[in-house]
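Shown next, in structure tokens, is the structure this report addresses.
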Amino acid sequence: MNDHPEDMSMSQLQWACRRGMLELDVLLSNFLREAYSKAAYEDQQSFIELLNCADPELFTWLMGYEAPPHEFMKIVGMIRQHARSRI
């Protein structure tokens, strides 16, 4: 996947947010639709890089079962905070 936010179309990002687990689909797609465009460039890039990770890793990080690697700490926190704000 291309790692430059300006080169990724929204349709490409939407497709990349479609995962093998419904929980991941919901978390990632909602964040993309509602918060991604307002995020800083660095956070957008982190989100794109996060989409390259495997579903089991994403699930444990986004559900809070394990801490993500340092480079994903901020974006995982942003996605989790966004999900909590929707409740």
Over the chain: Kirkwood hydrodynamic radius from C-alpha pairwise inverse distances, Å: 12.8
With unit charges on the beta carbons (Lys and Arg positive, Asp and Glu negative) and the dipole taken about the Cα centre of the chain, which residue among TYR65, ASN30, SER85 sits farthest to the positive side? SER85
From the phi of every residue in segment 14-24, what ³J(HN,Hα) in whole Hz does the Karplus formula 6.51 cos²θ - 1.76 cosθ + 1.60 yield, where θ is phi - 60° and glycine or proline is x? 4, 5, 5, 6, 6, 10, x, 10, 4, 4, 5
Placing each pseudo-label 7 Å from Cα in the direction of the beta carbon, ASN52 and ILE87 end up separated by a distance in nanometres of 3.2
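Taken together, the values in this text are just the output of simple stated rules run on the coordinates, not laboratory data. Every value quoted in this text rests on a predicted model; they were computed, and no experiment measured them. Cβ: placed from backbone, ideal geometry, glycine included. Neighbour counts: every protein chain shown.
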